[in-house]
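Here the structure is laid out as structure tokens; the discussion comes afterwards.
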């Protein structure tokens, strides 16, 4: 395992190229084919049919409004929260920092469902409470709308934007702001003329990544958009392949190619923005202390506003799922509601054979898939960081490519591939698709960990007579345990909650938790849905705790054994 042996690099290029380029190639070929059963009979009719559909213009308009609106909301919320947490004297800053990240652990599907339970116009708990409180004849809010979709998607994407903006905000040299204020500028003018321009790369990077995530979003449009007949590209594509007696996979592939092209272009732009961030560096070799802005009279109102935001993002989504899983039907919290609570929905779910099968399948995919994904990511990260060749650069590009894949679109690409093989409608198909789609989530933490391992350690091991793989196994891997655990946790939780690829590839016998929860939502079985959703959250939390415990135990064993 050294630069003089390129066999490892090219072997990984073949594996990763198969996982990432194969579905794209099949999607392209499928868009010029008559259908799944007539693959290879090339035609341009699918493109003509896809782009001349009169409904497409409305779908495109809805998509643009949804994507831009939710991304603007997420970026603004993240910017405000990052500024308050890093630059002001708002109270309980550590708590709000944690709360800004916790929503990432709540699956998008369950977050969307929780808002449907709260604000659907027929029996949403908040709507019912407001109607009783103010004597209203109709529900004041309707979450099944474009505005509701923007709100929920914006709240979901805010943590990602926060993780990009907050570090840049925290490392900002306060001397620049102080110089502006000395020159006579007030707080707001300094913020507008100094702080925001310097943070422009981070803000733009957060915005572009938010656009990519919103464009690929399926959970929010499916749960909140379809009941209100608000179609965006993700649900429009799904309807092409799931409704009617003869689903048109070729037309879906033709339209999917455009979505995929836009996503890839946006990811290239995102990487360019993050790579050029050094042009805006404001930290010098001298010490500095970020200025703390005194909020004065605004301190309490802003604290209350952030508290409400945290309530909306963390407490309400989980709380409404737990409450709904215990009551017989949608009821406003009251003495009668609490008296009627039971575990009936839980017993029904745990006795349901399809739900139990979905649970077993999801656990298998999470444990086995994350393990295989981390092993592959480990070798990829090693080559990318330690073997700096052009081939290693190609491998890095291929491994990052799937980050731009919208789940529905790439699921259609895998559909075109797997239907030609015995893997169609099996767990193995889902396993390969999961690893291909979420490979960057394993490579990134491990690449960061590899950067911190000095080459002298490998050289010393090899001087003592150890071979390349012995050095890798005995020296490098033990030092990377924190990164390995982080990558495994991230991939396992992603696999447990995965929806967009699963909804295309899952078939009877290969159901997973997210698909079963979605089926409950379609049938209006909110109690069963909530119970199974809490099970999903508990599994994700349990995987995190188990992996963290195993990582600490392994590190302790290594220290004692050395």
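The values are calculated or read from the model by the stated rules, or taken from the named source; none is laboratory data. Note that this is a predicted model, so its numbers are computed, not measured. So basically every Cβ, Gly included, is an ideal-geometry build from the backbone, and we count neighbours across all protein chains shown.
Values for this structure:
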{"item": "Residue that is surrounded by the fewest Cβ atoms within 10 Å (Cβ to Cβ), among those in the stretch 306-330 that are modelled with pLDDT of 80 or more and not in a helix (DSSP H, G or I)", "result": "329"}
{"item": "Some residue of the stretch 352-359 being assigned to a helix (DSSP H, G or I), in contact with a helix residue (DSSP H, G or I) (Cβ under 8 Å, 6 or more places away or on another chain) and without any contact (Cβ under 8 Å) to a residue 24 or more places away in the chain", "result": "yes"}
{"item": "Condition met for residue 465 (under 29 Å from residue 218 (Cβ atoms) and either in contact with a strand residue (DSSP E or B) (Cβ under 8 Å, 6 or more places away or on another chain) or modelled with pLDDT under 90 (or both))", "result": "no"}
{"item": "Count of residues meeting criterion [at pLDDT 90 or above and assigned to a helix (DSSP H, G or I)] in the stretch 506-521", "result": "8"}
{"item": "Within the stretch 274-305, tally of residues that are at pLDDT 75 or above and under 30 Å from the mean Cα position of the chain (by Cα)", "result": "4"}
{"item": "Residue satisfying condition, being closer than 28 Å to residue 507 by Cβ, touching a residue at least 40 places away in the same chain (Cβ under 8 Å) and part of a helix (DSSP H, G or I), within set 431, 378", "result": "431"}
{"item": "Extreme residue, farthest from the chain's Cα centre (by Cα), among residues of the stretch 522-562 that are modelled with pLDDT under 80 and crowded, with 19+ Cβ neighbours inside 10 Å", "result": "547"}
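For every residue, the table says whether it meets (1) surrounded by 21 or more Cβ atoms within 10 Å (Cβ to Cβ); (2) over 14 Å from the mean Cα position of the chain (by Cα); (3) within 19 Å of residue 80 (Cβ to Cβ); (4) at pLDDT 85 or above.
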| position | (1), (2), (3), (4) |
| --- | --- |
| 186 | no, yes, yes, no |
| 192 | no, yes, yes, no |
| 196 | no, yes, yes, no |
| 211 | yes, no, no, yes |
| 215 | yes, no, no, yes |
| 219 | yes, no, no, yes |
| 229 | no, yes, no, yes |
| 233 | yes, yes, no, yes |
| 236 | yes, yes, no, yes |
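Residue by residue, here is whether (1) within 18 Å of residue 256 (Cα to Cα); (2) at pLDDT 90 or above; (3) in a helix (DSSP H, G or I) holds:
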| residue | (1), (2), (3) |
| --- | --- |
| 46 | yes, no, yes |
| 57 | yes, yes, yes |
| 64 | yes, yes, yes |
| 71 | no, yes, yes |
| 80 | no, no, yes |
| 99 | no, no, yes |
| 104 | no, no, yes |
| 122 | no, no, no |
